[in-house]
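Before any comments, here is the structure.
Laboratory data are not the source of any read-out in this text; all were calculated from the coordinates shown. None of these values were measured; they are calculated from a predicted model. For neighbour counting, all protein chains shown are included, and Cβ atoms are generated from backbone atoms with ideal geometry for every residue, glycine included.
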Amino acid sequence: MKTQGGVGKIMTYATGNVITIPPTTSIIEAVEVMTKKGFRRLPVTDPGTKKLKGIITAGDIVNLMGGGEKYNLVKKKYKGNFLAAVNNSVRGIMTTDVRTVREDSSLTEVANRMISEMTGGYPIVSNDGTMAGIITERDLMKSLCNESLQTRVEDIMTTKIRTVRPDNPIGSVTREMIERHFRRLPIVSDNVLHGIITASDVLNYLGTGQVFQKIVTGNITEVMEVPVRTISGKKLYTITPDKTLGECARMMIGKKVGALPVIEDSRLAGIITEHDLVKAFTPDMV
């Protein structure tokens with residue numbers, strides 16, 4: 001689908017009536033909402049004015065669970081007590097300097113910002129600062145997808161891939177994700193692709209309650225020493241290098257995944273993401 005002059009307004013494709021939470025919501029309550037609804041991001045708004053105060057994302061949870069500076073909430077403030085930390089309010093880990101877009105922004109504007117800022121989604125705010133909706137890479141991919149574009153997966157896929165092993169502990173994997181700004185990492189052993197670990201998998205590990213089955217003393221180390229293979233998504237969808245980007249987009253949309261490992265001769269040859277597709281489709285807008 002093409003837009004006229006690339007000026008199609010984003011509210012046509014965005015999600016309206018967005019679920020939000022107040023800043024007093026606990027981290028575990030926020031994660032449970034995200035897991036139940038399948039969200040990767042959840043806006044935090046003032047309960048009175050409805051104005052945007054922050055956002056909590058799957059990346060924040062990865063960061064909290066050993067990946068980055070937000071891990072300090074657990075390690076220092078709560079002396080490693082994970083249960084106490086996740087009952088803290090989202091104020092402790094939410095992003096307050098939120099990048100947003102306006103209701104009258106065009107698809108071109110938003111797509112170019114996502115590409116340059118390497119961001120997976122934006123809250124949409126009205127002129128008075130209240131929440132109007134949210135738009136994601138997947139929304140843009142659906143709206144920009146051009147079936148006539150014959151570019152193939154092999155032309156844009158990433159071939160220099162960081163991987164992890166099935167027995168790597170979750171703690172080391174979350175650090176890798178945060179340090180390298182990755183949302184996902186293929187799980188490989190002896191050149192065999194076993195799965196893919198995503199920020200959403202880490203989120204679900206907490207939101208579904210699996211994490212609490214691992215805790216005896218309540219210490220964070222019990223949570224983070226679990227092998228990554230135990231929390232990665234059970235279904236693995238892959239694609240081959242010769243498929244067109246239109247075919248790839250349809251598969252991602254249909255399977256509700258943000259990336260596809262690329263398999264050639266039974267081996268991992270690369271990976272292609274929603275971000276790659278948005279970047280590839282955007283220059284084709286007329």
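Extending 7 Å from the Cα toward the beta-carbon at both E222 and K79 defines two label points whose distance is 1.6 nm. For the pair the stretch 155-213 and the stretch 68-82, the centres of their Cα atoms are 21 angstrom apart.
Ignoring the sites themselves, what is the longest stretch of the chain with no trypsin sites (Lys or Arg not before Pro) in a DSSP loop and at most 10 other beta-carbon atoms within 10 Å? In short, 1-159. For the chain, the 222 nm mean residue ellipticity estimated from helices alone, with every DSSP H stretch of n ≥ 4 adding -39500 (n - 2.57) and the total spread over all residues, rounds to -8500 deg cm²/dmol.
Pairs from the table (K79/K235; K51/K79; K53/K214; K36/K70; K70/K235; K9/K235) lying more than 26 angstrom apart at Cα are K79/K235; K51/K79; K53/K214; K70/K235; K9/K235. Among the chymotrypsin sites (Phe, Trp or Tyr not before Pro) in the stretch 196-286, those located in a DSSP loop and surrounded by at most 15 other Cβ atoms within 10 Å of their own Cβ are Y237.
Modelled this way, with points 7 Å down the Cα-to-C-beta line, the labels at T230 and E179 are 2.3 nm from one another. Using the Cβ-Cβ distance between T108 and D155 with R0 = 22 Å, the FRET efficiency computed as 1/(1 + (r/R0)^6) comes to roughly 0.50.
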